[in-house]
Amino acid sequence: MNAIPSGTAPRADIESLYPVFAALPQPLRQTCLSVGQSVRIPAGGILFDAGQPCPGFPLVLAGTVRVIKAAPNGRELPLYRIFPGESCILSSGCLLGGQPYSARGIAEVDTELRLLPSALFDELMATPAFREFVFKLFAERMADLMALVEEVAFRKLDQRLAALLLGRGQTLHRTHQQLADELGSVREMVSRLLKGFAEQGLVRLGREQIEILDPEGLRRLSAQR
């Protein structure tokens, strides 16, 4: 974990972001609020990587963590994002199964989290409230991942790119590489598609900027079967 130690996280931050702790037995609740490593990961820093052991259960207090599957050729497939008040199902699975990470977690912006030790995670999983919290996250993430599988398997890249552009407002300040990373593709293919969109009058391309000119045209393209 490429992390910078931080001070102890304020109790109010953890309790407000993770109400599940209020439902825990008082001694265990106090333990959760007083132990664990508080860390700060700078933007672009790697929180964990494939093959690494899981050191504990992360509670995101500020920032965003992007979880991706990286291929040896440099291509990336985005799996999900972790926002404050959420946690990482990959970390939960690793702790429950005693397995190393199978993907990479990257801080999208400066990110702060509290890392609860694995022994405390095991104790927490014995409580109904925390167990329900973790399994609910599993169910939500599984639905997201199934939607991702459907997107990748059954929709063409131009449709997925059109849908991505539509969901980001009138003007996007993103590089072609960043869009390719989000789509699990390569920059050359995304650049070629964007050039085609521009030639059709759907978008206007600028330096690290894409302006949507014809949202209805993009919507029709994204909805094609």
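At a glance:
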read-out	value
Cross-chain or 6+ apart pairs with Cβ under 8 Å, the range 203-223 first and within 15 Å of Leu193 (Cβ to Cβ) and not assigned by TED's automatic domain parsing to the domain that holds Gln170, then acidic (Asp, Glu) and in a strand (DSSP E or B)	none
Any hit, the range 94-112, residues being among the charged types (D, E, K, R) and either under 30 Å from Glu216 (Cα atoms) or touching a Cys at 6+ places or on another chain (Cβ under 9 Å) (or both)	no
Boolean, Gly169 is on the phi > 0 side of the Ramachandran plot and either modelled with pLDDT of 90 or more or out of contact with any Gly (no Cβ under 8 Å at 6 or more places or on another chain) (or both)	yes
Residue match in the range 93-113 (condition: closer than 30 Å to Ser185 by Cβ, assigned to a helix (DSSP H, G or I) and at pLDDT 90 or above)	yes
Qualifying residue in the range 73-91 (condition: hydroxyl-bearing (Ser, Thr, Tyr) and out of contact with any Phe, Trp or Tyr (no Cβ under 7 Å at 6 or more places or on another chain))	yes
Meets criteria (surrounded by 12 or more Cβ atoms within 10 Å (Cβ to Cβ), in contact (Cβ under 8 Å) with a residue 40 or more places away in the chain and within 24 Å of Phe83 (Cβ to Cβ)) for Leu137	yes
Residues located in the range 114-134, provided they are surrounded by fewer than 16 Cβ atoms within 10 Å (Cβ to Cβ) and in a strand (DSSP E or B)	Pro117
Among (1) on the phi > 0 side of the Ramachandran plot; (2) part of a helix (DSSP H, G or I) - the single one Gly196 does not satisfy	(1)
Qualifying residue in the range 43-61 (condition: buried (at least 19 other Cβ atoms within 10 Å of the Cβ) and in contact with a Gly (Cβ under 6 Å, 6 or more places away or on another chain))	yes
Search result, residues across the range 193-218 that are basic (Lys, Arg) and modelled with pLDDT under 90	Arg207
Those residues of the range 114-168 which are over 28 Å from Arg40 (Cα atoms), in contact with a helix residue (DSSP H, G or I) (Cβ under 7 Å, 6 or more places away or on another chain) and among the small types (Gly, Ala, Ser), in sequence order	Ala162, Ala163
Some residue of the range 25-44 being over 19 Å from the mean Cα position of the chain (by Cα) and among the basic types (Lys, Arg)	yes
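The values are calculated or read from the model by the stated rules, or taken from the named source; none is laboratory data. Quantities reported herein were computed from a predicted structural model and do not represent experimental measurements. Note that each Cβ is placed from the backbone with ideal geometry, even for glycine, and that neighbours are counted across all protein chains shown.
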